[in-house]
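Undergrad: Quick one: this structure, given as structure tokens, is what I'll be asking you about.
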2 protein chains.
Amino acid sequence: MAKGASISGFPEWLPQERVVEQCVIDTVRKVFELNGFIGIETRAVEEGSSLLKKGETSKEIYLLSRLQEVGHESDTPLEERLGLHFDLTVPLSRYVVENSGKLTFPFKRWQIQKVWRGERPQEGRFREFVQADIDVVSDGDLPEHYEVELPLVMVSALEELRAFGLPKATVHANNRKLSEGFYRGLGLTDVEGVLREIDKLDKIGDDEVCKLLVSECGASQSQAKACLELAELSAEDGGQLREKFDRLCSAHGIAQDGEAYALAKQGLETLATIVDESAAIRPGSVIADLKIARGLDYYTGSVYETFLEGAQSLGSICSGGRYDNLASRGNRKYPGVGLSIGLSRLVSYMLHTAGARATRVSPATVLVAVWNEHDRLQSNRIAASLRARGISADVSPDAAKLGKQIRYADKLGIPYVWFPAEQAGDETLDGGQSTASGKAGGDEVKNIVTGEQCAADVDSWLPDETYARQDVIVE
Amino acid sequence: MAKGASISGFPEWLPQERVVEQCVIDTVRKVFELNGFIGIETRAVEEGSSLLKKGETSKEIYLLSRLQEVGHESDTPLEERLGLHFDLTVPLSRYVVENSGKLTFPFKRWQIQKVWRGERPQEGRFREFVQADIDVVSDGDLPEHYEVELPLVMVSALEELRAFGLPKATVHANNRKLSEGFYRGLGLTDVEGVLREIDKLDKIGDDEVCKLLVSECGASQSQAKACLELAELSAEDGGQLREKFDRLCSAHGIAQDGEAYALAKQGLETLATIVDESAAIRPGSVIADLKIARGLDYYTGSVYETFLEGAQSLGSICSGGRYDNLASRGNRKYPGVGLSIGLSRLVSYMLHTAGARATRVSPATVLVAVWNEHDRLQSNRIAASLRARGISADVSPDAAKLGKQIRYADKLGIPYVWFPAEQAGDETLDGGQSTASGKAGGDEVKNIVTGEQCAADVDSWLPDETYARQDVIVE
């Protein structure tokens, strides 16, 4: 990372690292657009009243004040002050309500932007980072098939990012309806309470959760045990999921003709479809994992968390779900389903753990050499001709010794050095190993990686495919 | 603009408007990269001490405070507080100094990011906007040829933007050395003072400026008159510029063998080269305009302002210059030359004055119809096959009547509707004018713009070139 991470939590990349981030952003955007998502960008600021709504994160807001307001910031109530958005969901819901008359629903949107969290500085936590979100928002009913499609789009995007060193990602999906139907079928009524305790499984373990279910949620020992059994259920295909779930229902006396089972069944079918359809992209890319409870008190249908193989410590790198109360105005409701990737953490992982690196620092494919400052125009014209044909070209900073010009190209990773005609051949390359043997009247171009040099016509020469583009590779 | 410009000065685009902004950003980036500029992104925040350095704009800063700090913001000295950057130059100079050991100089960088100005809300002023900058920064000497190249790169970028309705742009260039040499040749010593008065020409006119030159800068009537004559000088080619300037020197007794003339001549030659080389891109794209004085007290060499034909009221849309004191550390100096475009204002102009619009709201080329919800998987697979071949595809939100599905495509501007095989032909299109006459066993695709419909194979079908991509046109 650039030494410029000189303010804790505000990462900044060196040019060669930024190439990786830019490639990641371009790739994710490409996948979103291929899937018909519409790009929007919202302003970086929201009113305090919007930002403070979502209780949980309200402590992580950066508020703004104009320099003139310094000293009397508190004259303005918090609700009316501006703050930086901490996610892209709050802005989306405001945007949808404000522009509802001008949008076509269901509104499928992608958005890749920086977000800010006014956290206390601490190791490894970003206070500024790039998030990539997709959501589908409906005006009225939101068909359940979007709960199937959205995680698949993210799986496609994450699959593309494996070229940059991202390990295999697996989406773990659950469904609020499934859990709720099961709990109700058991006779439990404090559904939010049960979900809250189940969410603690990883931290405090089965026994403690079991005790809490009994003491806090009014569950009997056997009800509590059933809840834990549900949490242990996972499946890689829909058939398996249905079978395991139905077996669990039978074991705990949940009748298949009851209302509770009907509710659970709705969630079960959505979940089974997600798992089966994702197999077409990569078997096992989405698994049903009924332990996933984070946010289930908030989400109203599917919920997703995503983990990277061998990088569990990163936690979930792509999360989301269905929220029927995303936005509303009057009696109009806008339910939504969406997922969000924290890109900066992924880029950091790719760079520092996975060994992703740019093939070159400069986007230029060619550096045009300059023999004499008064011949610079000739070099500029060559560069302009190459650019006109879509070949990125730089011109040497000065008419230094050829060896120095080549070293400049080499430092920037520019693979080709172009020797303009006429003066070519006047000089021996640094170290005397090879010679810029251009004949008067003919340009030559040298691949400084392979050492190959040949005559070249500015109107027809093409770089070798391998060296044509700035790219990212994994070492 | 989206009704969402609900906070004055924070523009937000509707999806179809955002397409234009995105195309503008992509185009500008492409030109920068073709010219070998390296992309970086800096964090949105800088320390108060950096932001407050540049006196002139210090009043337009947004400072940040964490929610927990509300009420005791002033415990932290301004210099240590974080604020949003108001340009991309302050961050660049910090970035270069912090990472100097890891950069290759001369460092040619592009940067397209949002910047924020904590101005009082007023009509037509953006407080958040996108800026696109290019700069070349050197460690030590910065060759003058970069003063020639940088405006030409911007001219190329602006030339590309004409496809989106941008009027012809003309860069007006001047040079600090030229002006200073001329003033000194006249015997004037308060160069900054003279430049400051000359900068008022457009506002208060010749007579007033003349008076001020006499009263404030110790000029005689004839010296003042000579300064005004210099400001009137403009030229579209280098020869003309040299001739006019030398004539003016003779007329005012500035000897060509003096030191002052030598200084002026250095600026004159740079300026002449800029004007002549730009003619290769478009004659008259850069003119020498010796009236340009804004920033000449700050810049140390070339200075640039850019105006749009027929849109003078926008003021300069792309400005910059050479500043030998961009950054320094110890006795190490980093001179730079750069230009900056305020993209948001240009996009606003394109949308609201020039009539630029997206050819479609959705990036999707194809909407795959759905006959029945239980056949959705079939439609999903068709979409997946198209995407695998790089064709952006959406799937119908629901298995509504075909007419409704087509209207959904139409509203989003999606040009093709794909009818999966089997059930095709079951239904008459809305209005009964045409029929989805797909044969059982064969997919069909309909261009809903032309009405043309034909059999199509998901593994080989290609959209007509005209309808293949989301694009921007000018009406």
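Undergrad: Please work out if residue B:325 is in contact with a helix residue (DSSP H, G or I) (Cβ under 8 Å, 6 or more places away or on another chain), on the phi < 0 side of the Ramachandran plot and not small (Gly, Ala, Ser).
TA: No, not satisfied.
Undergrad: Determine the pairs where a residue that is free of Cβ contacts under 8 Å to residues at least 24 places away in the same chain, located within region B:234-257, has a partner that is outside any helix (DSSP H, G or I) and of a type in the set (Phe, Trp, Tyr) with Cβ atoms under 9 Å apart, the partner being 6 or more residues away or on another chain.
TA: none
Undergrad: Here is a further query. Whether any residue in region A:242-265 is in contact with a Leu (Cβ under 6 Å, 6 or more places away or on another chain) and among the small types (Gly, Ala, Ser) is what I want to check.
TA: Within region A:242-265 (the criterion being in contact with a Leu (Cβ under 6 Å, 6 or more places away or on another chain) and among the small types (Gly, Ala, Ser)), the answer is yes, since at least one residue qualifies.
Undergrad: Also: Does region A:254-262 include one or more residues that are surrounded by fewer than 23 Cβ atoms within 10 Å (Cβ to Cβ), of a type in the set (Val, Ile, Thr), under 30 Å from residue A:327 (Cα atoms) and out of contact with any Cys (no Cβ under 8 Å at 6 or more places or on another chain)?
TA: Checked against the condition, which is being surrounded by fewer than 23 Cβ atoms within 10 Å (Cβ to Cβ), of a type in the set (Val, Ile, Thr), under 30 Å from residue A:327 (Cα atoms) and out of contact with any Cys (no Cβ under 8 Å at 6 or more places or on another chain), region A:254-262 yields no hits at all.
Undergrad: Are any of the residues in region B:56-75 more than 9 Å from chain A (Cβ to nearest Cβ), at pLDDT below 95 and over 20 Å from residue A:121 (Cβ atoms)?
TA: Yes, region B:56-75 has at least one match.
Undergrad: Across region B:343-358, what is the total count of residues that are touching a strand residue (DSSP E or B) at 6+ places or on another chain (Cβ under 8 Å) and assigned to a loop (DSSP other than H, G, I, E, B)?
TA: Total meeting the criteria: 2.
Undergrad: For residues that are in contact with an Asp or Glu (Cβ under 9 Å, 6 or more places away or on another chain), β-branched (Val, Ile, Thr) and more than 30 Å from residue B:382 (Cα to Cα), scanning just region A:1-53, find the one that is modelled with the lowest pLDDT.
TA: Across region A:1-53, the extreme among qualifying residues is A:7.
Undergrad: Do the conditions hold for residue B:280, that is, is it under 29 Å from the mean Cα position of the chain (by Cα) and closer than 20 Å to residue B:156 by Cα?
TA: For residue B:280, the condition - under 29 Å from the mean Cα position of the chain (by Cα) and closer than 20 Å to residue B:156 by Cα - is met.
Undergrad: Under 20 Å from residue A:192 (Cβ atoms), in contact (Cβ under 8 Å) with a residue 60 or more places away in the chain, in contact with a His (Cβ under 8 Å, 6 or more places away or on another chain) and of a type outside the set (Asp, Glu): does that describe residue A:292?
TA: It is true that residue A:292 is under 20 Å from residue A:192 (Cβ atoms), in contact (Cβ under 8 Å) with a residue 60 or more places away in the chain, in contact with a His (Cβ under 8 Å, 6 or more places away or on another chain) and of a type outside the set (Asp, Glu).
Undergrad: Conditions: (1) in a helix (DSSP H, G or I); (2) touching a residue at least 60 places away in the same chain (Cβ under 8 Å); (3) over 30 Å from residue B:259 (Cβ atoms). Residue B:162 meets all but one. Number of the miss?
TA: Result: residue B:162 fails condition (2) only.
Undergrad: Please verify whether residue B:268 is over 22 Å from the mean Cα position of the chain (by Cα), assigned to a helix (DSSP H, G or I) and more than 13 Å from residue B:237 (Cα to Cα), treating the condition exactly as stated.
TA: no
Undergrad: Something else about it: Just the residues that are part of a helix (DSSP H, G or I) and touching a residue at least 12 places away in the same chain (Cβ under 8 Å), please, taken from region B:359-400.
TA: Hits for region B:359-400 are B:373, B:375, B:376, B:378, B:379, B:380, B:382, B:383, B:385, B:386.
Undergrad: Within region A:318-341, can you find the residues that are of a type outside the set (Ser, Thr, Tyr) and buried (at least 21 other Cβ atoms within 10 Å of the Cβ)?
TA: Across region A:318-341, the qualifying residues are A:318, A:320, A:321, A:322, A:326, A:327, A:335, A:336, A:337, A:338, A:339, A:341.
Undergrad: Let me ask something else about it. Checking residue B:434 against (1) crowded, with 16+ Cβ neighbours inside 10 Å; (2) hydroxyl-bearing (Ser, Thr, Tyr); (3) modelled with pLDDT under 95, which single condition isn't satisfied?
TA: (1)
Undergrad: Here's a follow-up. Which fully enclosed strands (runs of 3 or more DSSP E) of region A:42-146 have 1 or more residues being assigned by TED's automatic domain parsing to the domain that holds residue A:23, over 22 Å from the mean Cα position of the chain (by Cα) and not hydrophobic (A, V, I, L, M, F, W, C)?
TA: In region A:42-146, the matching strands (runs of 3 or more DSSP E) lie at A:45-47, A:62-66, A:82-84.
Undergrad: Of everything in region B:112-126, what is crowded, with 22+ Cβ neighbours inside 10 Å and either more than 9 Å from chain A (Cβ to nearest Cβ) or free of Cβ contacts under 8 Å to residues at least 40 places away in the same chain (or both)? Give them in sequence order.
TA: Listed by number, the list holds a single entry, B:115.
Undergrad: Still on this model: Which of the residues that make up region A:222-234 are buried (at least 19 other Cβ atoms within 10 Å of the Cβ) and under 13 Å from residue A:292 (Cα atoms)?
TA: Correct list: A:227, A:230, A:231, A:233.
Undergrad: Hey, which of the helices (runs of 4 or more DSSP H) in region B:168-221, taking only ones fully inside, have at least 1 residues that are surrounded by fewer than 21 Cβ atoms within 10 Å (Cβ to Cβ) and free of Cβ contacts under 8 Å to residues at least 40 places away in the same chain?
TA: B:191-198, B:201-217
Undergrad: Let me ask you something else. Considering each residue of region B:84-111, count those that are more than 8 Å from chain A (Cβ to nearest Cβ) and under 20 Å from residue A:85 (Cα atoms), and give that number.
TA: Number of matching residues: 2.
The values are calculated or read from the model by the stated rules, or taken from the named source; none is laboratory data. All values reported here derive from a predicted model rather than from experimental measurement. Positions of Cβ are generated from backbone atoms using ideal geometry, with glycine treated the same way; all protein chains shown enter the neighbour counts.
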